[in-house]
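**Student:** Quick one: the structure is below, and I'll ask about it shortly.
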Amino acid sequence: MGTSATANGGVSFWYSAIGLPDPRSPLDGSTEVDVAVVGGGYTGLWTAYYLKQADPSLRIAVLEQRFCGYGASGRNGGWLYNGFAGRGVFAKHYGKARAVAMQQAMNDSVDEVLRVCAAEDIEADQVKGGVLEVAYTPAQVERLDAFVAGEHAYGEKEVQRLTAAEASARIAVSGVLGGSWTPHGARIQPAKLVRGLAEAAERLGVEIYEQTTVTEILPATGTAPARAVTPHGTVSARYVLRCTEGFTANLRGEKRSWLPMNSSMIVTAPLPASFWDSVGWEGRETLGDFAHAYMYAQRTADDRIALGGRGVPYRFGSRTDNDGSTAAKTIEQLTEILTRFFPAARGVTVDHAWSGVLGVPRDWCSTVALDRASGLGWAGGYVGSGVTTTNLAARTLRDLVLGESSQLTDLPWVNHRVRRWEPEPFRWIGVHGMYAAYHFADRQELSGRASTSPVARVADVISGRH
């Protein structure tokens, strides 16, 4: 399998499939609204959508630096599933019952996204086939068993522990030793979802300004309201909500808030019926594994495999890549995973490769917050689990803005605070060292190590992930 015909960057394959949108008009001078939403990805659009539904009188403006879905919302792996970042930390600090409530809210959020898609006539290639995660080394089987036991302990009784034969019956991954499956997951086409969501918000009367980069967010002071500053003018609002995820570090004063972690993807050419006859994947499950540097994949609506993982995990100084271009070495690494999982895919062209950034807090926990005094709120730090978490975050922000006490506002991630990342060069050294350790551990385990590598355990502790 070669990469000579591979399109590289250009935002993502998802956009190459439907065409890049013509950007909406930028902000034209300073203005005042009730709620200014910074960022036109899933978080910002869902928030604007739910707020406008709840109170049609609100004037809501979404400010987006390029076009809606330009960031992670238009580049992700299309996993609409119930995983979220930080469950163990929330259980430790706020009690297991509240972490269980958060998990249940995430389960419900998968169905809520699908409900809105049906109500708003959004066709995003959605299929609720659940999530299959496979183990293919003895050490991964050890982690698989611990994962299933942990899920059951959090009340996730629908999570099934699969034998090798049961996992292969769903998707015939080469060398599979076992797996887990949960029904709380669906495949989507990310760019189609974000496009449909933006249109739904506009139909409600939300104002969306694209080509409008917010450089600074200022709190309310004295008689002055909160403000979002752009080169085109300043937007004043009772509330300014930061929904910028991996691009948060570009805002003034936010360089060390969330680390912009890179994730990369490839997609094959459409695969023939003979391939699918041998592999199965008829349920359109999303597919993951139990490696430390894990992969994620889906079978697309036009019978391709889209597969992702970490390439170059972080760029010095929290810099972000904008065009999605991906290093040849990363494409080779992802292609190796593809052909190791599916030897019958060897020789098939990789049509497209791309990358994007996601937001990682120092404790690897997603958060949603609102400070009524300053007028500032935010949501994010999804650590790669944002397709569903954004929906829950948006409905929670809605309740916080409207001043409503609800089951959502009582969830443990609300107003959870975390320390900032270390300054450079310690950030760069730490992140690259962590992923070097994970890749080393995966190689050890592929070579026959029967239990989880101690190198990975140390990396987990140092990184703050556990």
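**Student:** What spacing in nm lies between the two simple spin-label points modelled at R417 and A119, each 7 Å away from Cα in the Cβ direction?
**Tutor:** Output for this residue pair reads 3.5 nm.
**Student:** Taking a probe of 1.4 Å, how large is the accessible area per residue of the range 1-99, in Å²?
**Tutor:** Values: 3720 Å² over 99 residues.
For the range 1-99, the solvent-accessible area averages 38 Å² per residue.
**Student:** Give me the number: length gained by fully extending A165 to T223, i.e. 0.36 nm times residue separation minus the C-alpha to C-alpha distance, one decimal in nm.
**Tutor:** Numbers: separation 58, 0.36 × 58 = 20.88 nm, distance 6.66 nm.
So the chain would gain 14.2 nm between A165 and T223.
**Student:** Of W413, W79, which has the most accessible area and how do the rest follow, probe 1.4 Å? Walk me through the numbers before you get to the answer.
**Tutor:** Working: W413 0, W79 30 Å².
Sorted by accessible area, descending: W79, W413.
**Student:** Once you order the gyration tensor axes a ≥ b ≥ c over the Cα atoms, which shape class does the range 136-184 get: rounded for a/c under 1.5, otherwise prolate or oblate by comparing a/b with b/c?
**Tutor:** Judged from the Cα gyration tensor, the range 136-184 comes out oblate (a/c at least 1.5, b/c at or above a/b).
**Student:** Run the numbers for E424 and D108: contour at 0.36 nm per residue of separation, minus the present Cα-Cα distance, in nm.
**Tutor:** Values: separation 316, 0.36 × 316 = 113.76 nm, distance 3.96 nm.
The E424-D108 span can extend by a further 109.8 nm.
**Student:** Continuing with this model, one more query. For the peptides 160-170, 257-267, what is the packing order when you average, over each peptide's residues, the other Cβ atoms within 10 Å and list the highest mean first?
**Tutor:** On the way: 160-170: 16.8, 257-267: 25.0.
The most tightly packed comes first, giving 257-267, 160-170.
**Student:** If you work out volume of the Cα convex hull per residue in Å³ from the coordinates, which of (1) 178; (2) 132; (3) 164 do you get?
**Tutor:** (2)
**Student:** Please compute the modelled spin-label separation between A146 and L204, points set 7 Å along Cα→Cβ, answer in nm with one decimal.
**Tutor:** Going from the L204 label point to the A146 one covers 4.2 nm.
**Student:** If you count, for each residue, the other Cβ atoms within 10 Å and average over each peptide, how do 141-151, 66-76 line up from highest to lowest?
**Tutor:** Working: 141-151: 16.8, 66-76: 27.1.
Going by the mean number of other Cβ atoms within 10 Å, highest first, we get 66-76, 141-151.
**Student:** Kindly rank 82-92, 228-238, 128-138 from highest to lowest mean number of other beta carbons found within 10 Å of each residue. Present the calculation step by step, with values, prior to reporting the outcome.
**Tutor:** On the way: 82-92: 21.2, 228-238: 19.2, 128-138: 22.7.
Listed from highest to lowest mean packing, they are 128-138, 82-92, 228-238.
**Student:** Leaving out ligands, DNA and RNA, and with a 1.4 Å probe, what % of the accessible surface on the range 76-138 is carbon or sulfur? Let's see the in-between values first.
**Tutor:** On the way: 1230 of 2400 Å².
Of the solvent-accessible surface of the range 76-138, carbon and sulfur hold 51 percent.
**Student:** Compute the acute angle (0 to 90°) between the alpha-carbon long axis of helix 138-153 and the principal axis of greatest extent of the alpha-carbon atoms of the chain; round to the nearest 10°.
**Tutor:** 50
**Student:** Rolling a 1.4 angstrom probe over the protein heavy atoms, how many square angstrom per residue are accessible across the range 226-282? List each step's numbers first, then the result.
**Tutor:** Details: 1940 Å² over 57 residues.
Per residue, the range 226-282 has an accessible area of 34 Å².
**Student:** Give me the aspartates and glutamates in straight-line cross-link reach of K329: C-alpha distance below 19 Å, same-chain residues under 8 apart excluded.
**Tutor:** By straight Cα distance, K329 reaches D321, D351, D442.
**Student:** Checking the cross-link filter: which lysines have an alpha carbon closer than 29 Å to that of K128, excluding same-chain neighbours under 8 positions apart?
**Tutor:** The reachable lysines, counting only those whose Cα sits under 29 Å from K128, are K52, K96, K157, K192.
The values are calculated or read from the model by the stated rules, or taken from the named source; none is laboratory data. Not measured: the values here are computed from a predicted model. In this analysis, Cβ positions are derived from the backbone assuming ideal geometry, glycine residues included, and neighbour counts consider all displayed protein chains. All accessible areas refer to the heavy atoms of the entire protein, side chains included, with ligands and DNA or RNA removed. Shrake-Rupley method; radii C 1.70, N 1.55, O 1.52, S 1.80 Å.
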